[in-house]
Amino acid sequence: MRVVVDTSSAEPLFAQVTAQIRDAILTGSLAAGERLPSAKDLAASLEINQHTVLHAYQDLRDEGFLELRRGRGAVVRKDHPRPDPALLSAIDEVRRAAAAGGVPLSTVVHLLTARENS
């Protein structure tokens, strides 16, 4: 697994780490039962604060992707969330409609989040 952070990005570092690990799990690059690097080791390799990586790991635990255990570290859960094919198809349709209408994906994400909170 390779994680890269962009310190010049407006996206918080923990969110960048979270997104990349989540993507690796969802695409199968990280398999169920696979152990992630310790927060200390990953932070050192990325030259970021260890607490930033811990924040990402905790978010992924809360989303159901990781299991965190003392002495064992972060491990990909066997029963992690997997998107339903119908959902993926609907997402593809939304992406096509947004592109056809010239709507940026960031606006689509904002609309999804705003509707979720209303």
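The values are calculated or read from the model by the stated rules, or taken from the named source; none is laboratory data. Quick caveat: nothing in here was measured; it's all calculated off a predicted structure. Cβ coordinates were reconstructed from backbone atoms using ideal geometry, including for glycine residues, and neighbour counts include every protein chain displayed.
Would you check which residues across segment 95-111 are under 23 Å from ILE25 (Cα atoms) and surrounded by 10 or more Cβ atoms within 10 Å (Cβ to Cβ) and list them? Within segment 95-111, ARG95, LEU105, VAL109 qualify.
No other residue among GLU63, GLU47, GLU67 is charged (D, E, K, R) and exposed (fewer than 10 other Cβ atoms within 10 Å of the Cβ) apart from GLU47.
Check ALA56, ALA90, ALA39 and return the single one that is within 15 Å of ARG2 (Cβ to Cβ), surrounded by 10 or more Cβ atoms within 10 Å (Cβ to Cβ), of a type in the set (Gly, Ala, Ser) and out of contact with any His (no Cβ under 6 Å at 6 or more places or on another chain). Even if it seems obvious, please write down each step before you answer.
Details: ALA90 fails: within 15 Å of ARG2 (Cβ to Cβ); ALA39 fails: within 15 Å of ARG2 (Cβ to Cβ).
Testing whether each residue is within 15 Å of ARG2 (Cβ to Cβ), surrounded by 10 or more Cβ atoms within 10 Å (Cβ to Cβ), of a type in the set (Gly, Ala, Ser) and out of contact with any His (no Cβ under 6 Å at 6 or more places or on another chain) leaves just ALA56.
Scanning segment 52-92 for residues that are under 15 Å from the mean Cα position of the chain (by Cα), part of a loop (DSSP other than H, G, I, E, B) and at pLDDT 95 or above yields a count of 4.
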